[in-house]
1. Under the 0.36 nm per residue contour assumption, what length would be gained going from the current alpha-carbon distance of Asp109 and Leu4 to full extension?
2. Could you estimate the translational diffusion coefficient of the chain from the Stokes-Einstein equation, with Rh from the Kirkwood formula over C-alpha pairs, at 37 °C and 0.692 mPa s, in whole µm²/s?
3. Based solely on its DSSP helices, what 222 nm [θ] is calculated for the chain when runs of n ≥ 4 H residues each add -39,500 (n - 2.57) and the sum is averaged over all residues, nearest 500 deg cm²/dmol?
4. Quote the relative contact order of the stretch 14-191 in percent (integer), defining contacts as alpha-carbon pairs under 8 Å separated by 6+ residues.
5. If you add up the charges near Lys93, with Lys and Arg at +1 and Asp and Glu at -1, over every other residue whose beta carbon is less than 12 angstrom from its beta carbon, what do you get?
6. For the chain, with the dipole built from +1 on Lys and Arg beta-carbon atoms and -1 on Asp and Glu ones, taken about the Cα centre, which of Thr31, Ser132, Ile188 lies farthest toward the positive end?
7. In nm, to one decimal, how far is the modelled label at Ile89 from the one at Glu37, with both set 7 Å along Cα→Cβ?
8. Set the Förster distance to 25 Å, then compute FRET efficiency between Lys125 and Thr46 from the Cβ-Cβ distance, nearest 0.05.
Amino acid sequence: MRSLPNNLLPYDGEVYLFENLFTSQKSDQITKNILSEVSWRDDKITMFGKTYPQARKVAFHGDPGVDYIYTRIKMISPGWTPQLKKLNIWLRKEFQLDFNTALVNYYRDGRDHMSWHRDDEPELKLNPTIASLNFGASRDFFFRHNEGEKVALNLKQGDLLVMKGQTQTFWKHSLPKRLKLKEPRLNITFRKIY
Ligand SMILES: O=C(O)CCC(=O)C(=O)O
């Protein structure tokens, strides 16, 4: 059993960062496998009556048939891919974390991003535990408390970020644009959908 790093949030939630969990060779192999295995979605976002493509590439996998309404889009899992399944089993064995789905976000370069949001959909139930694995380019990642306090992180290849407890109630998170960045980044968030 791994020891728990310090909680990175000062109050009202729990965020743990496990760093540098894979060699760069292993990270590259995992990235290659995931990019070749997943089924990319082609959902559009509607805001203020206008329709836009998503600000990143998205795929959703997990136990077959599990569905999740995320950013107002209903996604139904077509099943696990071999690499995502391996990672899910590894999270259970190494971290005692139990998930049934994986949301894959691929940021093609620093223009791709994720706006402020919380992962608080009803199908995650209250106080969900979410594990986020990172490959490729390092990116800044922020938490913002409902009262305004900010916590800044930098997520790197091979890092695992675990959010739990009241985090999704009291804090939003975001991955801002970084226009000078040309390299891609792959992020996978493992979630338990009820
Ligand atoms: O790419 C990231 O690190 C953020 C992912 C995220 O916030 C989400 O999937 O809800």
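1. Numbers: separation 105, 0.36 × 105 = 37.80 nm, distance 3.18 nm.
Working it through step by step, the gained length comes to 34.6 nm.
2. Details: Rh = 17.1 Å.
Approximately 192 µm²/s, per Stokes-Einstein.
3. Helices in the chain give a 222 nm mean residue ellipticity of -5000 deg cm²/dmol.
4. It comes to 29 percent, rounded to a whole number.
5. +1
6. In the chain, that residue is Thr31.
7. A separation of 1.0 nm, rounded to one decimal place.
8. 0.40
The values are calculated or read from the model by the stated rules, or taken from the named source; none is laboratory data. Nothing here was measured: the structure is a model prediction, and the numbers come from that model. As a convention, Cβ positions derive from the backbone with ideal geometry for all residues, glycine included, and neighbour counts pool all protein chains shown. These accessible areas exclude ligands, DNA and RNA; they are computed on the full protein's heavy atoms, side chains included. Shrake-Rupley method; radii C 1.70, N 1.55, O 1.52, S 1.80 Å.
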